[in-house]
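Report on the following structure.
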Amino acid sequence: MADIQLDTPVRYLPKVGEARAKQLEKLGITRVYDLLTFFPRRYDDWSECVPLFKLEHDKEQSFIATIVNTPRVSRNRGKTTIFATLSDGSCSIRAVWFNQPYLEKKMTSGEEYFFHGKITRDGFSFQVVNPVFDQRQKGEEKTSLIQPVYPLTSGLKQGHIRAIVNVALDRALPLLSEVLPLFFRKEQKLCAIRYAYEKIHRPDSMEEVEIAQKYLIYEELFLLRAALSVYKQEQKDLRASCPIRGKKEDMERFANIVKGLPFSLTEDQSRVTHDILSDISSSHPMNRLVQGDVGSGKTVVAFLSMAACAIAGYQSVFMAPTAVLASQHYETFKKFLNGTDIDVELMLGSTTAKKKNEIREGLSSGKVKMLVGTHAVLSEKNEFSDLALMVTDEQHRFGVKQRSATEEREDHGIHTLVMSATPIPRTLGLVLFGDMDVSVIKSMPKGRQPIKTIRASFDEEGRVLATIRQEVKKGHQAYVVCPMIDELQEDAYEDEEGTLAEKMKSDLESAVQYYETLSQGELSDMHIGLLHGKMKPAEKEKIMKEFSEGAIDVLVSTTVIEVGVDNPNASLMIIRNAERFGLSTLHQLRGRIGRGSLPSLCILQTDKYEGVAQERIDMMCNTTDGFVLAEKDMLLRGTGDFFGTKQHGIPQLKMANLYRDAACLGPIEDAIGKMLQDDPKLQKPEAKIMLEAFHNHFGEA
């Protein structure tokens, strides 16, 4: 084949082809460089395996064993348990997997597997619960006892990925140039770049893995911070924006809108609103991030910023992550604007062509001052008369390119306001968002009561249902959230062929089955609704609207409600299989209740109360402070997308962890400062290599 480059499409590699390339694309792999940076999620260390007779109680251990008989599957009230007997000839051990029915198809009686898990002993019998396992490949000569284990997707097996990655390494390693400055590598005692990428995929020992990981952590954080520093430098050359400065009568109109709100602003809301009004009065484009915990009242701050623009004669856009939430914001804005001459419109993907054309006429004429919606508001068909402000709710839902394209169509810079419900510890916020001004809303609106959170086992299902009945009897409403694997989730990767499809099918069936159990059984006298991501948008909107209006008593849902609906009358949240959710998701889900003056309760239902799951659940029960949970979330998640990189438009971290690796950031800042000081125009060879690395690492976004 012809010589390859780092940006060569993977389909041109041996062992790939068109069909395999489509499978790899589901994992975010389209270029050779993507294969190099597709790091193993763990390693099977076959060198550490012990015979079954040497297993020890309460220890994490690895062993090789054969599945003796066909695994037995038990199903009870929507819960699935798999039992298997394992043997290595010396003795046997029982393996148990809870709520993972898709694993049944991965086990074959008589086949030998590598197992790893926590060992427990009951008398003379040993047991391992929810062990990870990998089938030993027949006829495969293992060149190393350390085997990388990669995320997978339907149709791909570990052998496929390992072979393709090896092909990429053989051809692409020589193309890698040193990204980190030599002085910096020496200071931090880092290995060479080619050694790091070789050993992260093909290690001969776990010590080599650690050496490679250390380099890759520094490289990833260096590129992230350097890219933000260069971006900040470029922002200084931005076009001037429209300064929003009101006359005396404009200020009076604004004050009347504030007075007309059905509640008083908190001190934090008033302070942040003042910050924003000060920013947008400048001819320099505002670039501000507003952090506020779930339910802290960020939306009214965004509304007042948009109202100030409208009063001064300018237009603004508010982008929400879901159609239902956009509709709720639109209705809220209309109420707040009642009695004024400010025109606000709603544009969704489902909005009729006729209505969209009417709205576009209003935008181009300047009649429509506020536009609320989803990604549809970024359509290039929307031509504004005088767009001054763009507000994004949960930035990760929208592409940077789309927003930039909208801004480029205007003849002036646009003020940008990003609203985030994902709290970030201050020190890390300064590092991540050095190019943005950051405001924090910590205090909750008056009248809000803290949400009480408790844990319950599935044996306490009767008490849980009694609590639902009690709340509904009071005229309140409840959520019941079931886990649902989604292809966009970090942890949705498959372990073997077909696993993701099986997980999604199983989860959906479980949620639907539980809905039927409630609606046809214990709670048949109530109005029960079902909501999940596989429903058509119109169906979802209908259900969420009915729940908001009180027509549904209990909403059985997957995590689509995480940022989907605002209902002050909902006072109870039940999260089933809570161990399957990260802290950030649990906190966001809990934030769907307690949005009014009602006392609210969140029940985390799980039978897996150990390890990381136990830490998460205990943290949720002990605090409602999102900033405290954010720090813990970073610590528990390890590498990957911690509590909020994707939420804030920052590329997903594949190796580094901003909490664990915070000590790396100081030396990195110093090194970047030295580079930019020595070469401010980025013309030296080292700088050109860095810019090329930006392109490889972040793409064109």
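How about the range 673-701: which of its residues are in a helix (DSSP H, G or I), modelled with pLDDT under 85 and exposed (fewer than 15 other Cβ atoms within 10 Å of the Cβ)?
Correct list: His695, Phe698.
Just name the residue that is farthest from Lys446 (Cα to Cα) out of those in the range 584-634 that are basic (Lys, Arg) and in a loop (DSSP other than H, G, I, E, B). Step through it out loud before you land on a result.
Taking the range 584-634 first, the residues basic (Lys, Arg) are 590, 592, 595, 608, 616, 632.
Filter once more, keeping what is in a loop (DSSP other than H, G, I, E, B): 592, 595, 608.
Numbers: Arg592: 17, Arg595: 11, Lys608: 37 Å.
Top of the filtered list is Lys608.
Looking at Asp3, Asp58, can you tell me which residue is assigned by TED's automatic domain parsing to the domain that holds Ser125 and surrounded by fewer than 16 Cβ atoms within 10 Å (Cβ to Cβ)? If you could, list the steps in order and put the result at the bottom.
Values: Asp3 fails: assigned by TED's automatic domain parsing to the domain that holds Ser125.
From the options Asp3, Asp58, the qualifying one is Asp58.
In this structure, is Glu111 loosely packed, with under 15 Cβ neighbours inside 10 Å, within 25 Å of Leu52 (Cβ to Cβ) and at pLDDT 85 or above? Quick ask: steps written out before the conclusion?
On the way: loosely packed, with under 15 Cβ neighbours inside 10 Å: yes; within 25 Å of Leu52 (Cβ to Cβ): yes; at pLDDT 85 or above: yes.
Judged against the criteria, Glu111 is a match.
So which of Thr37, Thr120 ends up being out of contact with any helix residue (DSSP H, G or I) (no Cβ under 7 Å at 6 or more places or on another chain), in the same structural domain as Leu6 (by TED's automatic domain parsing) and at pLDDT 90 or above? Spell out how you get there, then give the answer.
On the way: Thr120 fails: in the same structural domain as Leu6 (by TED's automatic domain parsing).
Thr37 is the lone residue from the list that is out of contact with any helix residue (DSSP H, G or I) (no Cβ under 7 Å at 6 or more places or on another chain), in the same structural domain as Leu6 (by TED's automatic domain parsing) and at pLDDT 90 or above.
Failed condition for Gln23, given (1) under 24 Å from Met655 (Cβ atoms); (2) of a type in the set (S, T, N, Q); (3) touching a strand residue (DSSP E or B) at 6+ places or on another chain (Cβ under 7 Å), with all others met?
Exception for Gln23: condition (3).
So which helices (runs of 4 or more DSSP H) stay within the range 149-241 end to end and still have 2 or more residues that are more than 18 Å from Gly666 (Cβ to Cβ) and at pLDDT below 95? Break it down stepwise before answering.
Working: elements: 158-172, 182-188, 193-201, 206-235.
Passing ranges, in order: 158-172, 206-235.
Which of the residues belonging to the range 565-594 are surrounded by fewer than 21 Cβ atoms within 10 Å (Cβ to Cβ) and in contact (Cβ under 8 Å) with a residue 40 or more places away in the chain?
If the condition is that a residue be surrounded by fewer than 21 Cβ atoms within 10 Å (Cβ to Cβ) and in contact (Cβ under 8 Å) with a residue 40 or more places away in the chain, then Asp566, Asn569, Arg580, Gly582 are the ones that fit.
Return the residues of the range 331-346 that are of a type in the set (Phe, Trp, Tyr) and out of contact with any Gly (no Cβ under 8 Å at 6 or more places or on another chain); say none if nothing qualifies. Please lay out each step first, then the result.
Initial filter on the range 331-346 (of a type in the set (Phe, Trp, Tyr)): 333, 336.
If the condition is that a residue be of a type in the set (Phe, Trp, Tyr) and out of contact with any Gly (no Cβ under 8 Å at 6 or more places or on another chain), then Phe333 is the only one that fits.
Taking the range 436-462 as the search range and keeping residues that are hydrophobic (A, V, I, L, M, F, W, C) and outside any strand (DSSP E or B), which one is surrounded by the fewest Cβ atoms within 10 Å (Cβ to Cβ)? Working first, answer last.
At the first step, the residues of the range 436-462 found to be hydrophobic (A, V, I, L, M, F, W, C) are 436, 438, 440-441, 444, 451, 454, 456, 458.
When the remaining residues are screened for being outside any strand (DSSP E or B), the result is 436, 444, 451, 458.
Values: Met436: 18, Met444: 19, Ile451: 20, Phe458: 16.
Among residues in the range 436-462 that are hydrophobic (A, V, I, L, M, F, W, C) and outside any strand (DSSP E or B), the one surrounded by the fewest Cβ atoms within 10 Å (Cβ to Cβ) is Phe458.
If I filter the range 43-57 for residues that are basic (Lys, Arg), part of a helix (DSSP H, G or I) and either without any contact (Cβ under 8 Å) to a residue 12 or more places away in the chain or within 30 Å of Leu223 (Cβ to Cβ) (or both), do I get at least one hit? I'd like the intermediate steps shown before the answer.
So in the range 43-57, the residues basic (Lys, Arg) come out as 54.
Applying the additional criterion that residues be part of a helix (DSSP H, G or I) yields 54.
Filter once more, keeping what is either without any contact (Cβ under 8 Å) to a residue 12 or more places away in the chain or within 30 Å of Leu223 (Cβ to Cβ) (or both): 54.
Scanning the range 43-57 turns up at least one residue that is basic (Lys, Arg), part of a helix (DSSP H, G or I) and either without any contact (Cβ under 8 Å) to a residue 12 or more places away in the chain or within 30 Å of Leu223 (Cβ to Cβ) (or both).
Scan the range 59-78 for residues that are hydroxyl-bearing (Ser, Thr, Tyr) and over 20 Å from Asp122 (Cα atoms) and jot them down. If you could, list the steps in order and put the result at the bottom.
Initially, the range 59-78 is screened for residues hydroxyl-bearing (Ser, Thr, Tyr), giving 62, 66, 70, 74.
Across the range 59-78, the qualifying residues are Thr66, Thr70, Ser74.
What are the residues in the range 97-108 that are surrounded by 15 or more Cβ atoms within 10 Å (Cβ to Cβ) and either of a type outside the set (Phe, Trp, Tyr) or more than 30 Å from Gln513 (Cα to Cα) (or both), if any?
Across the range 97-108, the qualifying residues are Asn99, Gln100, Pro101, Leu103, Glu104, Lys106, Met107.
Taking the stated definitions as given, is Ser92 of a type in the set (Ser, Thr, Tyr), surrounded by 14 or more Cβ atoms within 10 Å (Cβ to Cβ), modelled with pLDDT of 90 or more and touching a strand residue (DSSP E or B) at 6+ places or on another chain (Cβ under 7 Å)?
Details: of a type in the set (Ser, Thr, Tyr): yes; surrounded by 14 or more Cβ atoms within 10 Å (Cβ to Cβ): yes; modelled with pLDDT of 90 or more: yes; touching a strand residue (DSSP E or B) at 6+ places or on another chain (Cβ under 7 Å): yes.
Here the answer is yes, as Ser92 does meet what is asked.
The values are calculated or read from the model by the stated rules, or taken from the named source; none is laboratory data. Given the structure is predicted, the values throughout are model-derived calculations rather than measurements. Cβ coordinates were reconstructed from backbone atoms using ideal geometry, including for glycine residues, and neighbour counts include every protein chain displayed.
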